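Participant: First the structure, then my questions, so here it is.
The values are calculated or read from the model by the stated rules, or taken from the named source; none is laboratory data. As the structure is a prediction and not an experimental result, all values here were calculated from the model. With ideal geometry, Cβ positions are generated from the backbone for all residues, glycine too; neighbour counts draw on all protein chains shown.
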Amino acid sequence: MKRIILTGGGTAGHVTPNLAIAPLLRDSGYELFYIGSKKGIEKTLAEKAEIPYTGISCGKLRRYFNLKNVTDIFRVVKGLGGAFAVITRLRPGLVFSKGGFVAVPVVIAAKTLGVKVIIHESDMTPGLANRLSLPFADRVCVCFPETINHVPSGKGILTGTPIRSELYQGSVAEARKICGFHDSKPVLLVMGGSQGSVAINDCLRSILPRLIKSFNVIHLCGVNNRREDLAVRGYLQFEYVSRELPHLLAYAEIIVSRAGANSISEFLALRKPNLLIPLPLTASRGDQILNAKSYEERGFSLVLNEDDMNAETLMAKINELYANRRKYTRKMAESPIADGTKDVLKVIEEVYGGDKKHK
């Protein structure tokens, strides 16, 4: 049996592409295992997908001085030992890493033991964990043409991101039942990430009386961010959605969102016109700003920086996006990497196939 270890964690963004590719790997005859942190979100998600899971010690790698860096060194060393033990026991032919701090010891252990490694990088520039892992990778799958310049020569392959198959199964009729909208106004979906965005939430709600004259608004506002005093016709709030998401995406004509790499890849695959409001530098390393800029330059997205966002600019951008929605849809339809699932699978099979011992 051909064996692959998947790794990656810390956030859902470091897990969902692994889970998106998992069904195709199984259909292609691979036996799957997952290595993640002992209590991270990846444990819950992998076990829900029925992938055998092993948790290892995980230390956070920080770009700034913190006393926890000292104790986390020992966690990283312990995690490396754990990764060596699991890989030695399972003897996989390949490790596929989606990044996150837990993936670093897994990648290092795999390469040291002679196991091939593929890294997937969703953002335009690699994060710290993937930068540390790059020297140990045989191939690096990327989602932006610009990313090729940020990985070792000869390793980068433009594939796009694996997209969850269930996102293609959304039903507008089911969404209408969920939302209860009874008129023909276009649907605007607003998402601020899994935790929501206070800045987007507040600005959106400040223009709500004007918005609902033209749109039905579905607002994914984040946990504990509901406003019970805003129960108005044409506006529906969710703290979090799971099974409903494919239906809501199918229903939406336009989307307002942060610029997380997985989310914008899904918008591209589904050809959903979108307004991106990336996390500012004060709250991130700037990856979302670069992601948004690339999508804007390729004609996939309209962008509004948070520093420029107010009631008037947000309203104007939403109206601009809706007026030009077909232009964005056409550009997205022309993209050769809208869904990277099959291309990533192809890279895995090519790299794995070079190891005759595990065929």
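Participant: Take the conditions within 19 Å of residue 316 (Cβ to Cβ) and in contact (Cβ under 8 Å) with a residue 12 or more places away in the chain and apply them to residue 200. Does it pass?
Facilitator: Judged against the criteria, residue 200 is a match.
Participant: Please enumerate the residues belonging to the stretch 250-285 that are surrounded by fewer than 19 Cβ atoms within 10 Å (Cβ to Cβ) and free of Cβ contacts under 8 Å to residues at least 40 places away in the same chain.
Facilitator: Selection gives 280, 281, 282, 283, 284.
Participant: Counting only residues that are closer than 24 Å to residue 293 by Cα and at pLDDT 95 or above, give me the strands (runs of 3 or more DSSP E) lying completely in the stretch 146-262 with at least 3 of them.
Facilitator: 156-158, 187-191, 254-257
Participant: Still on this model: Is it the case that some residue within the stretch 79-89 is assigned to a loop (DSSP other than H, G, I, E, B), surrounded by fewer than 17 Cβ atoms within 10 Å (Cβ to Cβ) and either among the polar types (S, T, N, Q) or modelled with pLDDT under 95 (or both)?
Facilitator: no
Participant: Just to be sure I understand, how many residues within the stretch 11-53 are surrounded by fewer than 22 Cβ atoms within 10 Å (Cβ to Cβ) and either in contact with a Phe, Trp or Tyr (Cβ under 7 Å, 6 or more places away or on another chain) or at positive phi (or both)?
Facilitator: 7
Participant: If a residue must be assigned to a loop (DSSP other than H, G, I, E, B) and in contact with a Cys (Cβ under 6 Å, 6 or more places away or on another chain), how many such residues does the stretch 263-315 contain?
Facilitator: 1
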